[in-house]
Amino acid sequence: MEYQYLIVEKKNRVGLIRFNRPKALNALSPELMAELGEALEAFDADPEVGAIVLTGNERAFAAGADIKAMANASAVEMLMNDLIQRWETILHVKKPVIAAVSGYALGGGFELAMACDMIIASESAQFGQPEINLGIIPGFGGTQRLTRAVGKALAMEMVLLDRRLSAEEARQFGLVNHVFPVETYLDETMKLARKLAHQAPVAVRLGKEAVNKAFELSLQEGLAFERRAFHLLFATEDQKEGMAAFIEKRPPQWKGR
Ligand code: DAK
């Protein structure tokens, strides 16, 4: 598949997707988001891929949804536009997705990163929800995922006053896993992704699903979900292999079944 707004490659069981609209600071146009949806679905279905990395460039992960593409839209167009629905694809990906963020992660760019499973940031990363300056509010989780991470006081400042977070602040709030120098953040992300891609695949899939349920279910429902997933793993060859390998003091050979 040829992409116009993405650079997509596969390395060591990691699917790497780079936004490629550098002149527009990787503004997430409907066309780019349609391609992103396709690339994510293709990697999710590819048995040679175990983890996915989403990135931009050093100056910008993404400066938000494309303002020029939205400026004249009506409410009904925003609601009915299938391309905007492509944003949701990220929420249905079964494999772990890491966002490698450098420079601007603003508006929809920040929201997309927060919808990933982990964020690795460069020291220059800057996270924010500047939508208020455009007379709108965040539309892809910026009032919800952000508030759960940073709490009400700071979320209000960010959503209503465009207060931005540095990479280090975002790490302190648990939004970002690690911060690295600009020169190495992508390599470090690829290393982490490679590790993820070589874990037991069924356990990774259920582990991701279970952690995400913690944001949606009551504690009791979440615990019940976890317990069922835990039991299910005893039906996999990988559980037998993992435990046998431990006992035999050798590395496990995962089969993904
Ligand atoms: N959209 C379109 N173009 C953008 C852009 C954006 N978000 N951000 C930057 N650009 C373009 C600029 O227009 C400029 O293009 P030319 O004028 O050269 O043609 C080029 O990128 C370089 O930008 P600047 O000249 O402005 O560069 P500076 O270094 O001076 O400033 C900046 C960098 C990041 C501070 C500034 O560009 C900026 O403030 N950008 C806008 C940031 C922003 O407001 N982002 C939020 C957009 S609203 C939803 C899903 C998502 C969303 C909503 C709903 N659903 C699924 C329902 C998301 C909404 C948003 O993200």
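Taking a straight Cα-Cα cut-off under 13 Å and skipping sequence neighbours fewer than 8 places away in the same chain, the aspartates and glutamates within cross-link reach of Lys23 are Glu58, Asp66. Using a Gaussian network for the chain with springs between C-alpha atoms less than 10 Å apart, which of these wobbles most: Gly141, Gly56, Gly128? Checking each option, the largest mean-square fluctuation is seen for Gly141. When the chain is treated as a Gaussian network with alpha carbon springs shorter than 10 Å, the biggest mean-square fluctuation among Val97, Val76, Val150 belongs to Val76. Computed from the alpha carbon atoms alone, the convex hull of the chain holds 143 Å³ per residue.
Where in region 1-99 are there trypsin sites (Lys or Arg not before Pro) that are in a DSSP coil and have at most 15 other Cβ atoms within 10 angstrom of their Cβ? Don't skip to the answer; put the middle values down first.
Details: sites: Lys10, Lys11, Arg13, Arg18, Lys23, Arg59, Lys68, Arg86, Lys94; in loops: Arg13, Arg59, Lys94.
Those satisfying the criteria are Arg59, Lys94.
Look at Val14, Val202 and count the other Cβ atoms within 10 Å of each Cβ; fewest to most, that gives Val202, Val14. Couplings 3J(HN,Hα) of region 70-80, computed from phi: 9, 3, 9, 6, 8, 4, 5, 4, 4, 6, 8 Hz, in residue order, whole Hz [Karplus 6.51 cos²θ - 1.76 cosθ + 1.60, θ = phi - 60°; x for Gly and Pro].
With the highest mean first, a sort of the peptides 240-248, 115-123 on other beta-carbon atoms found within 10 angstrom per residue produces 115-123, 240-248.
How large is the charge dipole for region 38-103, taken about the Cα centre, if only the Cβ atoms of Lys, Arg (+1) and Asp, Glu (-1) carry charge, to the nearest 20 debye?
Using only the charged Cβ atoms, the result is roughly 240 debye.
Each listed q (0.13 Å⁻¹) maps to a log10 I(q)/I(0) for region 1-151 from the Debye sum over equal C-alpha point scatterers, namely -0.55.
Overall dimensions of region 5-48, expressed as equivalent-ellipsoid semi-axes from the Cα gyration tensor (√(5λ), whole Å, largest first), are 21, 12, 5. For region 115-257, what D do you get in µm² per second when you plug the Kirkwood radius from alpha-carbon pairs into Stokes-Einstein at 4 °C and 1.567 mPa s? It comes out at roughly 72 µm²/s.
Which percent, nearest 5, of DSSP beta bridges in region 1-63 are antiparallel? Spell out each step's value before the answer.
Details: 6 of 11 bridges.
Percentage antiparallel, nearest 5: 55.
Its relative contact order, with pairs defined as Cα atoms under 8 Å and 6+ residues apart, puts region 1-127 at 26 percent. Looking at the chain, the DSSP beta bridges with both ends there are about 25 percent antiparallel.
Under the criterion of Cα pairs below 8 Å and six or more residues apart, the relative contact order for the chain equals 16 percent. Positive end of the dipole of the chain (Cβ unit charges, origin at the Cα centre): among Thr236, Phe61, Val182, the Cα lying farthest that way belongs to Thr236. Considering only alpha-carbon pairs that sit under 8 angstrom and 6 or more positions apart, the relative contact order computed for region 95-171 is 33 percent. In terms of its C-alpha gyration tensor, region 72-183 comes out oblate, because a/c is 1.5 or above while a/b does not outweigh b/c. Taking Cα centre as origin and charging only the Cβ of basic (Lys, Arg, +1) and acidic (Asp, Glu, -1) residues, the dipole magnitude of the chain rounds to 740 debye.
Cross-link partners for Lys94 among the lysines, with Cα-Cα distance under 22 Å and sequence neighbours closer than 8 places in the same chain left out: Lys10, Lys11, Lys191, Lys195, Lys208, Lys213, Lys255.
Readers should treat all values here as calculations from the given coordinates under stated rules, not as data from a laboratory. Nothing here was measured: the structure is a model prediction, and the numbers come from that model. We place every Cβ from the backbone using ideal geometry, glycine too, and count neighbours over all the protein chains shown.
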